[in-house]
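Beneath this line is the structure, given in structure tokens, with notes to follow.
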Amino acid sequence: AITSGRFTVTDLKYADEKKGLIYFTARSKENTARTDYYVVKLNGKNLKRLSFGEFNHNIQSVSPDGSYFITSYNNVSMPAKLALVNNSGKIIKELGDARGASFNEYALAKTELIRVKSDDGLYELPMKVTWPLNMDKSKKYPVLISIYGGPNAGTVMDTWGLNGNQQFYAKEGLIQVSMDHRASGHFGKEGVNYMYHNLGDWELKDYSNMVKWLIANGNADASKICITGFSYGGYMTCLALTKYADVFTHGMAGGSVTDWSLYDSHYTERFMGTKDDNAEGYKTGSVLTYADKYRGMLQIVHGVIDENVHLQNSIQLISRLQDLKKDFEMMIYSGGRHGWGGNKGVHFQNLKTKFIY
């Protein structure tokens, strides 16, 4: 090992054998929601950050001798810029700016990257929030949380993002959130270890903690906390409306795993082992275990020929909810695999929009 410490190397960019230097990118040592560019000697000494500022860096190319690099850099409040930089971190030339001349004429909703301390005090969990336009601090607002949630599969980065749907919902008065838990990759192998033989536990503990922060500090309406996701995100959503129904009130779950004994072995056993050596983990990680705790309103959606997360996952959940005389919404898509397009894709988008309203 050349490097050590609480950061994750993401890519090797260039090796200078003559000078004994390695150039690489990593989840920033300074901020886990950013990628930075570093150089270090082959003996592990003189680690140095080459990228600059409070930005997420995407290294586009490195010069043949490693002396210069081109970076596309941005953050939640600044669209991307492109620059040629030398190995002292000095910008030699600005090459491009995504902001047009009229950028400042638009009234855009504010997006922030916020850190929330985990309830055990060990981690500063990242959360990206787009606040309602012209937010009134005397009012409470509904929350829409979009997640994925799998091990080492975080989605929250300090990056610029803008689309019409996001801005429309901000204008309508919706707090839009994405969040990552301790095992999402922000905290390296140390964080991911929490999920070993224990899928579905720490993710929702951390998510719940962040939702409680929004209720206490972000004008969130505790009676309108909606979570949505597909695949592993669907699994998270189903667990949120059962095991954690004291926090989450609404959910839109697509292509959801509901019990790990129903999912393929190459993924499941990598994290969960087999049922013979982890029977308790399979039980505590199953949505079906907590079906009796279900309350609120869950929209369950699945493709009929989903070859990844088989339809039986949703079928077994709705069967359990029916036996418990619980109310929910269900939509299946004929010909739908693990996702679908065409008119059925439009139908699915409209279904979610109606649910949100």
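The values are calculated or read from the model by the stated rules, or taken from the named source; none is laboratory data. No experiment lies behind these values; they were computed from the predicted model shown. Neighbour counts are summed over all protein chains in view; Cβ atoms, including those assigned to glycine, are modelled from backbone coordinates with ideal geometry. Side chains are part of the model used for accessible areas, which takes the heavy atoms of the whole protein and leaves out ligands, DNA and RNA. Shrake-Rupley method; radii C 1.70, N 1.55, O 1.52, S 1.80 Å.
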Obtain the radius of gyration and the Kirkwood radius of segment 165-322 from its C-alpha atoms and give Rg over Rh.
0.97
Counting only protein heavy atoms and rolling a 1.4 Å probe, one gets per residue an accessible area for the chain in Å² of 48 Å²
Run the simple label-point estimate for Ser102 and Gln166 please: 7 Å along Cα→C-beta, distance reported in nm.
2.0 nm
DSSP loop (so not H, G, I, E, B), at most 11 other Cβ within 10 Å: list which trypsin sites (Lys or Arg not before Pro) in segment 308-356 pass both filters.
Lys325
With unit charges on the beta carbons (Lys and Arg positive, Asp and Glu negative) and the dipole taken about the Cα centre of the chain, which residue among Ala80, Met330, Gly303 sits farthest to the positive side?
Ala80
Sort out for me the Cα centre separation of segment 34-111 from segment 167-204, rounded to whole Å.
26 Å
Ellipticity estimate at 222 nm from DSSP helix runs (n ≥ 4, -39,500 (n - 2.57)) divided over the chain, nearest 500:
-6500 deg cm²/dmol
Under 14 Å from the Cβ of Ala216, count the other residues' Cβ atoms, weight Lys and Arg +1, Asp and Glu -1, and hand me the total.
+2
Kindly provide log₁₀ I(q)/I(0) values, in the same order as q = 0.18 Å⁻¹, from the Debye equation applied to equal alpha-carbon scatterers of segment 236-357.
-0.98
Segment 37-97: Kirkwood hydrodynamic radius (Cα pairs, Å) comes out at 12.1 Å
Let a ≥ b ≥ c be the square roots of the eigenvalues of the Cα gyration tensor of segment 43-185; is it rounded (a/c under 1.5), or, if not, prolate (a/b larger than b/c) or oblate?
oblate
Between Gly164, Gly345, Gly89, find the one with the highest GNM mean-square fluctuation for the chain; connect C-alpha pairs within less than 10 Å.
Gly164
By the C-alpha gyration tensor axes a ≥ b ≥ c (rounded if a/c is under 1.5, else prolate when a/b exceeds b/c, else oblate), the shape of segment 292-357 is oblate
Tail beyond 25 Å, pair distance distribution of segment 159-258 (Cα, percent)
23 percent
Using a 1.4 angstrom probe on heavy atoms only, work out the carbon and sulfur share of the accessible area of the chain in %.
50 percent
Of Asp180, Asp120, Asp206, which is the most mobile in a GNM of the chain whose springs link Cα atoms less than 10 angstrom apart?
Asp120
Considering only DSSP states other than H, G, I, E and B, which trypsin sites (Lys or Arg not before Pro) in segment 1-83 qualify as loop sites with at most 12 other Cβ atoms within 10 Å?
Arg6, Lys18, Lys19, Lys45
At 0.36 nm per residue, minus the direct Cα-Cα distance, what do Asp292 and Ser138 gain on full extension? Give it in nm, one decimal, please.
51.8 nm
Given axes a ≥ b ≥ c from the Cα gyration tensor, I'd like to know whether segment 181-226 is rounded (a/c under 1.5), prolate (a/b larger than b/c) or oblate.
prolate
Gaussian network model of the chain, Cα within-10 Å springs - most flexible of Gln176, Gln167, Gln60:
Gln60
Using the Kirkwood radius built from alpha carbon pairs, what does the Stokes-Einstein equation give as D for the chain at 4 °C and 1.567 mPa s, in µm² per second?
58 µm²/s
